[in-house]
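**Student:** Please see the structure below; I have some questions.
The values are calculated or read from the model by the stated rules, or taken from the named source; none is laboratory data. Remember, predicted model here, so these are calculated numbers, not experimental data. Positions of Cβ are generated from backbone atoms using ideal geometry, with glycine treated the same way; all protein chains shown enter the neighbour counts.
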Amino acid sequence: MAQFNLGSQHKKIKFVGSITKSKITNSSGCGALVEFPGFSGIMGGQNLWDLKGTKKFRIHEKALEDYLKKDYFLQVSSEIQNAKGYEEAYKIPVLRFPEYYYCPSCHELDYARRLAKNFGANKDITEPLLCSRCKNVELIPSRFVMACEAGHIEEFPFFWWVHRGEKCENPRLMLEYKGYSGGLESIIISCATCKKSNSMKNVLNKEATRSLRCNGKSPWLGKSATCDCGREVRVLLRGATNIYFPDTVSALTIPPWSTAVQKSISENIDFFKMSFVNGVSESARKAISDNFFDDNGLGEILSCTKDEFFRQLGLRLTPNNQQIIDPSDFRKDEYRAFVGADVNDDMFKTESAQIDERLLPYISKVKLVKRIRKVNVLTSFRRIDAFSQFSAPLSDIAEKWLPATEMLGEGIFIEFSKISIENWEVRVGSRYEQMKSRYNDNRMGRGICSFSNKLVLVHSISHLIMRELAYSCGYDAAALSERIYVSDEDSDIWMAGVLIYTTTSCSDGSLGGLVRLGQKDRFMKVISSMLKKAIWCSNDPICIETQEQLDNTANYAACHACSFVPEIACEFGNKVLDRVAVVGKPGHEELGFFSEFNRNT
Ligand SMILES: [Zn+2]
Ligand SMILES: [Zn+2]
Ligand SMILES: [Zn+2]
Ligand SMILES: [Zn+2]
Ligand SMILES: [Zn+2]
């Protein structure tokens, strides 16, 4: 859990609420709107974070640091205990936003600082704001905010909405609910001075704010952060899901960075960096040798020989020439690590599993992934459209770090047979053209892969397996995640695989249960049971006949009853799915990758 306060400018730390730490790279990163009882705020940017005492929250991931050109990542946590055994919670700043409030009793609508009798820097932010005209009536924050596609966000211009460009000398705005529909049309904004009024009915339509332009405000970077923008603005409801889409880059820690030696180098990286100028300096070499290694060059703490240690240190501190240019390149390296020889590292441990011969035509490799470490870094965010071409910054200054989360876990890696996939691709022909154009129009899959038929197949299988694990093996569906490995056409490596994994944020990793399901007999059971189920969906025949669903989701035969998983588990927002790709459909069995298997078992 991480806790909030009201910004490092404030002397007294005020507890607002807490969130689980994975949310920092998820729904509650810098610039996100957050809700607490009686308080609505915006998560402060990196420039407002107090870095004092945060050294213990630093984490390292060499490949991500090279790619993002950062020195370290910060994983805030309250799970660390200090020397006296107390939890030391890191406080992330949160600023009040929106600042427009109204009184449900006298209906007055204004900035909190003018409306509340108890507003002031010395007041506890969590204390409800009370109307200065009514007795003990709590003010309510406005539901409406205005944002542009570049991520700026500002107060909804209530004065303009009521007066429509006309002047009013001494406006007094009111917000009232009229009628019982509960819809936006029942919210009436009026001016007590000039008696003009307007309902909020069409406020969410693009047309409603056509004449307005963005003022370039970035309240998460501090109150005064503005720039020239001038883009179109859209009105959003405070709790709407399209108000915040985090941009994250994630990577698994793989060889050569996953060893115990690299782990201890990471933990002392500042010291080693200081001692490294075109190689390890003589004095540093001596200090390290004296402190960590005995006369025979053996080190107990660093669990390797002195020579090996200095080799690994050189590797770690040498700038990486093989620059990763796109986050999808991380997956190529990970894929190579999975399909290659078994690894027994501190942060990456794999073991080849035997495969039932009935599955061999379809599945070429199953790896029991006994240990993985995944680092997920928040790099920026978007508003209004998840795949908008603009992203908003987390800070207004250049930072040498980014917020991140580190997860340890285990899983099963599955690689599908190249020959069988190529045969299947011939059989499906142009079936996925429509899905492809939707995928491209919506700029989906950014940082993962571009569209291909085999993406539909691998992704659909991944979902069916996750559901099977949840149904038959009692796994909590929200605890499973997928990591999809599918190569683009022009890629230097052919990939068609998936890692299904579970993580915990605790240091002891998870329980080993998932890995066991990758063993020969159990895995065969999981796959054959999942394939039997996939033939039928309770929404059939509608589901199986759907080639283009009405809601623009880039799905064919896939719905809540057969293919969807909890949002958090999926890399593609429950899109790019088609059950037919896996098991075919009546009269068109050739469309299914596993149709033959189903017939024979
Ligand atoms: Zn009042
Ligand atoms: Zn007026
Ligand atoms: Zn803007
Ligand atoms: Zn269905
Ligand atoms: Zn998915």
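**Student:** Among (1) closer than 19 Å to Gly222 by Cα; (2) surrounded by 14 or more Cβ atoms within 10 Å (Cβ to Cβ), where does Arg113 come up short?
**Tutor:** Evaluating Arg113 over (1) closer than 19 Å to Gly222 by Cα; (2) surrounded by 14 or more Cβ atoms within 10 Å (Cβ to Cβ) leaves (2) as the failure.
**Student:** Do we have any residue at all in the stretch 376-399 that's within 25 Å of Glu61 (Cα to Cα), in contact with an Asp or Glu (Cβ under 6 Å, 6 or more places away or on another chain) and at pLDDT below 95?
**Tutor:** yes
**Student:** Scan the stretch 189-217 for residues that are more than 14 Å from ligand 2 (Cβ to nearest atom) and either touching a His at 6+ places or on another chain (Cβ under 8 Å) or not in a loop (DSSP other than H, G, I, E, B) (or both) and jot them down.
**Tutor:** At the first step, the residues of the stretch 189-217 found to be more than 14 Å from ligand 2 (Cβ to nearest atom) are 199-217.
Selection gives Ser199, Lys206, Glu207, Ala208, Thr209, Cys214, Asn215, Gly216, Lys217.
**Student:** Shifting gears a bit: Provide a single number: the residues in the stretch 573-600 that are among the aromatic types (Phe, Trp, Tyr) and in contact with a Cys (Cβ under 8 Å, 6 or more places away or on another chain). Can you show your working first?
**Tutor:** Going through the stretch 573-600, the residues among the aromatic types (Phe, Trp, Tyr) turn out to be 593-594, 597.
Imposing the further condition that a residue be in contact with a Cys (Cβ under 8 Å, 6 or more places away or on another chain) reduces the set to none.
So the count comes out to 0.
**Student:** Now for a separate question. Can you find a residue that is at pLDDT below 95, within 16 Å of ligand 3 (Cβ to nearest atom) and not aromatic (Phe, Trp, Tyr) anywhere in the stretch 182-200?
**Tutor:** No, that holds for no residue.
**Student:** Still on this model: Taking Leu457 as the residue in question, decide whether it is modelled with pLDDT of 95 or more, closer than 22 Å to Glu357 by Cα and not basic (Lys, Arg).
**Tutor:** On the way: modelled with pLDDT of 95 or more: yes; closer than 22 Å to Glu357 by Cα: yes; not basic (Lys, Arg): yes.
Answer is yes for this residue.
**Student:** If you don't mind, there's one more thing I want to ask. Consider the stretch 37-54. How many of its residues are touching a strand residue (DSSP E or B) at 6+ places or on another chain (Cβ under 8 Å), in a loop (DSSP other than H, G, I, E, B) and under 17 Å from Arg96 (Cβ atoms)?
**Tutor:** The qualifying residues number 2.
**Student:** Working only within the stretch 155-181, note down all residues that are acidic (Asp, Glu) and either more than 39 Å from the chain's Cα centre (by Cα) or crowded, with 21+ Cβ neighbours inside 10 Å (or both).
**Tutor:** If we filter the stretch 155-181 for residues that are acidic (Asp, Glu), which is where we start, we get 155, 166, 169, 176.
Within the stretch 155-181, Glu166, Glu169 qualify.
**Student:** Given the conditions (1) over 25 Å from the mean Cα position of the chain (by Cα); (2) among the β-branched types (Val, Ile, Thr); (3) within 15 Å of ligand 5 (Cβ to nearest atom); (4) modelled with pLDDT under 85, which single one is not true for Val582?
**Tutor:** All conditions are met except number (4).
**Student:** Just wondering, is there one or more residues in the stretch 540-560 that are closer than 19 Å to Lys454 by Cα, in a helix (DSSP H, G or I) and over 32 Å from the mean Cα position of the chain (by Cα)?
**Tutor:** No, the stretch 540-560 has no match at all.
**Student:** Could you tell me whether the stretch 416-426 includes any residue that is touching a residue at least 40 places away in the same chain (Cβ under 8 Å), of a type in the set (D, E, K, R), over 25 Å from Thr248 (Cα atoms) and in a helix (DSSP H, G or I)? It would help to see each step written out before you state the result.
**Tutor:** Within the stretch 416-426, the first condition is being touching a residue at least 40 places away in the same chain (Cβ under 8 Å), and the residues that meet it are 416-418, 420-421, 424.
Applying the additional criterion that residues be of a type in the set (D, E, K, R) yields 418.
Cutting the leftovers down to over 25 Å from Thr248 (Cα atoms) gives us 418.
Subsequent filtering for residues that are in a helix (DSSP H, G or I) retains 418.
Within the stretch 416-426 (the criterion being touching a residue at least 40 places away in the same chain (Cβ under 8 Å), of a type in the set (D, E, K, R), over 25 Å from Thr248 (Cα atoms) and in a helix (DSSP H, G or I)), the answer is yes, since at least one residue qualifies.
**Student:** In addition: Can you find a residue in the stretch 471-480 that is of a type in the set (D, E, K, R), crowded, with 17+ Cβ neighbours inside 10 Å, over 30 Å from Ser266 (Cβ atoms) and assigned by TED's automatic domain parsing to the domain that holds Gln519?
**Tutor:** Here is the first cut: in the stretch 471-480, the ones of a type in the set (D, E, K, R) are 476.
When the remaining residues are screened for being crowded, with 17+ Cβ neighbours inside 10 Å, the result is none.
Among the residues of the stretch 471-480, not one is of a type in the set (D, E, K, R), crowded, with 17+ Cβ neighbours inside 10 Å, over 30 Å from Ser266 (Cβ atoms) and assigned by TED's automatic domain parsing to the domain that holds Gln519, which makes the answer no.
**Student:** Give the number of residues within the stretch 400-413 that are in a strand (DSSP E or B) and under 19 Å from Lys62 (Cβ atoms).
**Tutor:** 8
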